[in-house]
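What follows is calculated from the coordinates using simple rules that are stated; it is not laboratory data. Worth saying up front: this structure is predicted, and the values here are computed from it rather than measured. Positions of Cβ are generated from backbone atoms using ideal geometry, with glycine treated the same way; all protein chains shown enter the neighbour counts.
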């Protein structure tokens, strides 16, 4: 294309009051008009608005513009908007360049003159670059109509059910022996106090029996490759040492196993399990697993085989090996959940020092009908507590640990208070910073608990100690003292109690970071996965086709988790239902005339997108796999590899316009 | 390593602190050279009234130590320790303070050029002395019936968080156990001794002392090891008002000295108000 045919239109956006008046937009427009090949330059209040786009479309048609530059916000915001406008007017969508004069100039510069000068530089660079743009096309490719869900807690289960109900093949991966996650450990749920098991187990059964859901428990995702619509996923199935097809879940093996003193993870180490075990009676699937670290045969190579001897189905298989399974999916929903904050570093609360200090999850089990005490709230000695303290915000809202509010603790703490009152009649003190009960029927529950006689004390607890103020008082012998200031009455309190419950905050699940790295989803400073947009794309991620559900994105309660899981499922289904997705146009191109066949690019490509053509002795790009990262273009010693839309020429022209 | 020793105001008059520190220095060949012409650290009082004056006090000390070629400043008192570290912390975060301080130091032709590390003598004993030297000095297996409760007071571990767990530390216990001393675990390690309130508000401070002593006795300790002259004084003298059996309050250096087999007379143990009869008897 000859240079003299290039007609550029430049549009400077005011962005309401965001860019103008910090940037003198009229001066920038005037400046742009003087740049080479610029046919027309305008400024307008909102370029992204419908009349703004009309300007572009009309000008293209009227003045025969064939290149468009918009100086406004970040391309992540509106690049697609303006590219669509170009296409509507009949020019290729890649004949467009955006100059970000909002985030990169107006918002970050104090001085108006400096901001205007920088905006001019950025516009000049965009104009210089767009001159060398080439028309590019993306291709439509078929998608695989199946969905991978990582994590089998309530979020993953709901996402799987919703997607499965829409008729899509779902693969649900859970690393524990059973699905159910944290919710399976709860007895009652706030604020309605409905039984968690009653609403949970039917869902677990539904997942287990759903014709569209393939369940992989005791399994982990080990690699994810590919792109939206076509992800290749490798799953590691850990050996259960039990043939799932033969086991009928009778449970005799667990009765007969002689190794009975292993702390039960499901019961938060408050009871014991056997070496062959199922985490809880309602587990799905109800096939047990053999713990290879404790089984006499597997761990110590000593004679035993009690389970094998009694298993009528002949399901025990000590030779089972880890298996790898490869599946292809069109979309991925991450639902890796959370872990409870470990309060041990906060030694002032005495967790791990005093036996009657519990975490909230331990209390959940203590209170659970299937828990170690059958649902009786008992102390370790077997007595009912008479005085109970509940400490809010342990690990949360604390600059030394987690700065954020974990959102669920106030409500579950008040649930605990209610249950303690109801089941034991004990006196309960809740120590809070602020009570946060923003949810349907939540404030009402707060009021109800207060009416039930729970002492609400506004004050962060200083310490829990076994030092009593009045050691001669035999009533208090063996009790713990909770030291705090009641900041409403401005009085120091030292309250002797029998039991302390630490309402620990929420943290990202162990291994969530690895899952994120594998897929390419980023996390915030606390490790929660980052959504594409905090308000308008809360279940999407920067990776197209990958969605978030539940606590992996940030602490949330069960209603919010279920809603988000349904949302993530809806997005995944919407993406796949069309049947096709567009490929990236900005991908690598290897010039066959320049390629020397050294294969450096093949080595550096992390997406395995470059093949070596033995016959011709050159490298070729797989356009479906290439993500346009540019590694090959940098590594190629003969400059044969380049990235479309980021060619050396385009980038150098852009730089030169800024620097010179 | 040249240790610049900052004794602080209470060291020489405290019950046997100087004697026991000097005995350990002799036994372990530790060179603690007193910083010439040292001044008051200002403690918490000056900082709370006028922090720029307090900074000059700390700044002068730091400048003196540097002038005399020391590498580190060693204190034996929690208040000195935290006051100096607090001053350094402020100067590091607001370098303009150093310019201000230097204006005042100029009259003495002193200049603050670098901020030397400040360490507690406990840290030096526990971490700088090679195991070999301890073994050489320790004469015999100690067979004392001491069951020592380590008591840290307020200002060694907090707010720094780098001398072990700040709320329930165990650096002193670990160190004493290495020397064969029997230590007990208890919950009063960092409780308040009353500090300078002991003088104007003696009555209000009595329960504080009582709480610490009773906790130690409840956990079966029979002596408390302190690392700060103020703690030692408050707990030792404060027991006079209480109606509970006396519990000796020793400096940790005295306990270390006994563990090494140093004569209790050389450790100034006879200066403690609540006496350690049993130990003295054993020795003689």
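Can you say what percent of the DSSP beta bridges in the stretch A:338-507, counting only those with both residues inside, are antiparallel? Round to 5. Before the final figure, lay out the partial values.
Details: 13 of 31 bridges.
Expressed as a percentage, antiparallel bridges in the stretch A:338-507 total about 40.
Would you give the gap between the C-alpha center of the stretch A:252-296 and the C-alpha center of the stretch A:640-660, rounded to a whole Å?
Value for the Cα centre distance between the two parts: 62 Å.
Given R₀ = 41 Å, what would the calculated FRET efficiency be for residue A:612 paired with residue A:84, taking r from the Cβ atoms and rounding to 0.05?
Working: r = 38 Å, r/R0 = 0.92.
My answer for the efficiency is 0.60.
Quick one: of the DSSP bridges fully inside the stretch A:200-297, what percent are antiparallel, nearest 5?
Details: 12 of 12 bridges.
Close to 100 percent.
Quick check: residue separation of residue A:582 and residue A:604 times 0.36 nm, minus the Cα distance between them. What number comes out in nm?
Numbers: separation 22, 0.36 × 22 = 7.92 nm, distance 2.52 nm.
Net length gain for the segment: 5.4 nm.
Rounded to two decimal places and with Rh computed the Kirkwood way over Cα pairs, what is Rg over Rh for the stretch A:122-225?
When Rh is taken as the Kirkwood radius, the ratio is 1.31.
Taking only Cα atoms of chain A, what ratio of Rg to Rh do you get with Rh as the Kirkwood inverse-distance radius?
Working: Rg = 31.1 Å, Rh = 29.1 Å.
For chain A, the value is 1.07.
Once you place label points 7 Å from the Cα toward the Cβ at residue A:139 and residue A:250, how far apart are they in nm?
5.8 nm
Averaged over A:304-317, how many beta carbons belonging to a partner chain fall within 10 Å of each residue's beta carbon?
On the way: counts 0, 0, 0, 0, 0, 0, 0, 0, 0, 0, 0, 0, 0, 0.
The per-residue average across the peptide is 0.
Could you tell me whether the stretch A:1-128 comes out rounded, prolate or oblate from its Cα gyration tensor? Rule is a ≥ b ≥ c as square roots of the eigenvalues, rounded for a/c under 1.5, then prolate if a/b exceeds b/c, otherwise oblate.
Prolate, since a/c reaches 1.5 and a/b exceeds b/c.
Determine one quarter of the surface area of the Cα convex hull of chain B, which equals its mean projected area, and express it in nm² to one decimal. Kindly include the intermediate steps, with their values, before the conclusion.
Values: hull surface 58.3 nm².
If I average the Cα hull's projected area over directions, I get 14.6 nm².
Could you check which residue among B:66, B:266, B:145 shows the biggest mean-square fluctuation in a GNM of chain B with a 10 Å Cα cutoff?
Maximum among the listed residues: B:145.
State, as an integer percentage, the relative contact order of the stretch A:252-321 based on alpha-carbon contacts under 8 Å between residues 6 or more apart. Don't skip to the answer; put the middle values down first.
Numbers: 88 pairs, mean separation 20.6, N = 70.
Computed over the stretch A:252-321, the figure is 29 percent.
What translational diffusion coefficient, in µm²/s and rounded to a whole number, does the Stokes-Einstein relation yield for the stretch A:588-644 at 20 °C and a viscosity of 1.002 mPa s, taking the hydrodynamic radius as the Kirkwood radius over Cα pairs? Display every interim value, and only then the final one.
On the way: Rh = 10.7 Å.
It diffuses with D of about 199 µm²/s by this estimate.
Which whole-number percentage describes the relative contact order of chain A, with Cα contacts under 8 Å and a sequence gap of 6 or more? Walk me through the numbers on the way to the answer.
Working: 1425 pairs, mean separation 86.5, N = 660.
Dividing the mean separation by the residue count of chain A yields 13 percent.
Counting other C-beta atoms within 10 Å, which of B:138, A:237 has the fewest, and how do the rest follow? Mind showing how you got there, number by number?
Values: B:138 15, A:237 18.
So the ranking, lowest neighbour count to highest, is B:138, A:237.
Take residue B:50 and residue A:443, extend 7 Å from each Cα along the Cα→Cβ direction, and tell me the distance between the two endpoints in nm.
About 5.3 nm separates the two model spin labels.
Across peptide A:320-330, what mean number of C-beta atoms from other chains lies inside 10 Å of a residue's C-beta?
Numbers: counts 0, 0, 0, 0, 0, 0, 0, 0, 0, 0, 0.
Averaged over the peptide's residues, the number is 0.
Taking the simple approach of a point 7 Å from Cα along Cα-to-Cβ for both residue A:635 and residue A:225, what is their distance in nm?
Here the answer is 1.4 nm between the modelled labels.
Between 0 and 90 degrees, rounded to the nearest ten: what's the tilt of helix A:50-63 against the longest Cα principal axis of chain A?
Relative to chain A, helix A:50-63 is tipped by roughly 20 degrees.
Angle between the Cα long axis of helix A:409-424 and the longest principal axis of chain A, 0 to 90 degrees, nearest 10?
Long axis of A:409-424 versus the principal axis of chain A: about 20 degrees.
Would you work out the relative contact order for the stretch A:588-644, in percent, from Cα pairs under 8 angstrom that are 6 or more residues apart?
So the answer I get is 47 percent.
At what distance in angstrom do the alpha carbon centres of the stretch B:93-113 and the stretch B:14-68 lie from each other?
The stretch B:93-113 and the stretch B:14-68 have Cα centres separated by 19 Å.
By how many degrees, 0 to 90 and rounded to 10, does the Cα axis of helix A:112-130 deviate from the longest principal axis of chain A?
The two axes meet at around 70 degrees.
Determine the calculated [θ] at 222 nm for the protein assembly as shown from helices alone, applying -39500 (n - 2.57) to every DSSP H run no shorter than 4 residues and normalising by the residue count; nearest 500 deg cm²/dmol.
On the way: 29 runs with 309 residues, N = 944.
Rounded to the nearest 500, it is -10000 deg cm²/dmol.
Restricting everything to alpha-carbon atoms, can you work out Rg to Rh for the stretch B:3-121 with a Kirkwood hydrodynamic radius? Working shown, then result.
On the way: Rg = 14.2 Å, Rh = 14.6 Å.
Across the stretch B:3-121, the Cα-based Rg/Rh ratio is 0.98.
In what sequence do A:354, A:168 fall when counting other Cβ within 10 Å, fewest first? Walk me through the numbers on the way to the answer.
Values: A:354 16, A:168 23.
Least crowded to most crowded, the residues run A:354, A:168.
For the stretch A:338-507, what is the convex hull volume of its Cα atoms per residue in Å³? Show your work: numbers first, answer last.
Working: hull volume 20.7 nm³, N = 170.
For the stretch A:338-507, the hull spanned by Cα atoms encloses 122 Å³ per residue.
To check my understanding: the extent here is largest minus smallest coordinate of the Cα atoms along each principal axis. What are those three numbers for the stretch A:517-660, in Å, largest first?
Projected onto the principal axes, the Cα atoms of the stretch A:517-660 cover 59, 45, 28 Å.
With a ≥ b ≥ c the root eigenvalues of the C-alpha gyration tensor of the stretch B:139-278, is it rounded (a/c under 1.5), prolate (a/b larger than b/c) or oblate?
Details: a/c = 1.74, a/b = 1.24, b/c = 1.41.
Oblate.
Could you work out the percent of alpha carbon pairs in the stretch A:465-518 separated by over 15 Å, rounded to a whole number? Could you put the intermediate results ahead of the total?
Details: 922 of 1431 pairs.
Result for the distance tail: 64 percent.
What is the stretch A:252-321 by shape, rounded, prolate or oblate, if you read a ≥ b ≥ c off the alpha carbon gyration tensor as root eigenvalues and call it rounded for a/c under 1.5, prolate for a/b larger than b/c, and oblate otherwise? Intermediate results must be reported in sequence, preceding the final value.
Working: a/c = 1.76, a/b = 1.26, b/c = 1.39.
It comes out oblate by the Cα gyration axes.
Counting DSSP beta bridges in the protein assembly as shown, what percent are antiparallel, to the nearest 5? Mind showing how you got there, number by number?
Working: 50 of 118 bridges.
Taking every DSSP beta bridge with both residues in the protein assembly as shown, the antiparallel ones total about 40 percent.
Across the stretch A:191-264, what fraction of all alpha-carbon pairs, as a whole percent, falls in each successive 10 Å bin from zero upward?
13, 26, 36, 20, 6
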